[in-house]
Structure formats: C-alpha cells, structure tokens
Amino acid sequence: MRSELKWAVAGAAMLVTAACAPVDPGFGEAYRYDMAVQTVDPDPVYPEDGAKPGDSGEHAAKATERYRKGNTKPVVRESSSSGSSGGGSGGGSGPQ
C-alpha cells in the first residue's frame with residue numbers, strides 16, 4: 001500500500017506541475033503559417049456572370065446545356081507576366 005501511495009502522490013505532483021508550465025504564445029504559429037501559405041487566394045474576386053460559392057447551381061446547369069449544344073464561350077488567353085520574354089538559362093558548363 002505504501003508504494004501505491006507514493007505512485008499516486010508522484011502522479012498528482014506531475015499533473016500539478018504540468019498545469020503550471022507557461023504556454024508559449026507562438027505555439028502553433030508554424031501550423032497557421034503553413035495553412036496560410038497553401039491558400040491560393042484568401043480574398044478572390046469573382047466575375048459578375050461567373051459562378052460564386054453558394055450559388056444554387058442554375059448557372060452551372062445553363063453552362064452545361066450550352067456545352068452540350070456547342071454554344072460555348074470563347075476562351076480568353078491571359079498572360080501571367082508582363083514585359084518581354086527573354087531566353088531561358090543556357091545550361092552550359094560554365095567558362096572554359
């Protein structure tokens with residue numbers, strides 16, 4: 001019985017001292033940063049006639065019907081960079 005009492009007191013002491021440990025205010029910051037980095041666009045701007053989150057599906061049904069009939073809208077090409085494009089890297093072995 002004496003050893004059981006020692007174990008109970010030791011366990012209680014561990015719980016009490018663990019509860020008093022200070023918590024780092026930056027705890028979990030790496031997790032929050034990783035989640036933010038993986039967000040594509042936290043505040044997206046949707047076109048007026050485009051589908052938006054929470055739409056009823058009516059817009060998608062109309063688009064599907066246009067697709068089936070062959071009346072699709074033309075694709076607009078957009079560039080993701082500005083300025084002139086230069087050549088890529090040479091890939092050479094360096095000065096000789």
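Starting from 0.36 nm per residue, how many nanometres of slack lie between R68 and E29 once their C-alpha separation is accounted for?
9.2 nm
Can you put T64, T39 in order of Cβ neighbours within 10 angstrom, beginning with the fewest?
Arranged by neighbour count, lowest to highest, T64, T39 become T39, T64.
Within the straight-line cut-off of under 18 Å between alpha carbons, the aspartates and glutamates reachable from K52 are D41, D43, sequence neighbours fewer than 8 places apart in one chain being disregarded. Here r is the Cβ-Cβ distance between S80 and Q38 and R0 is 25 Å; the resulting FRET efficiency, rounded to 0.05, is 0.80.
Every read-out reported here was derived from the displayed coordinates using simple, explicitly stated rules and does not represent laboratory data. This structure is a prediction, so every number in the text was calculated from the model and none was measured. Virtual Cβ from ideal backbone geometry, glycine too; neighbours counted across all protein chains shown.
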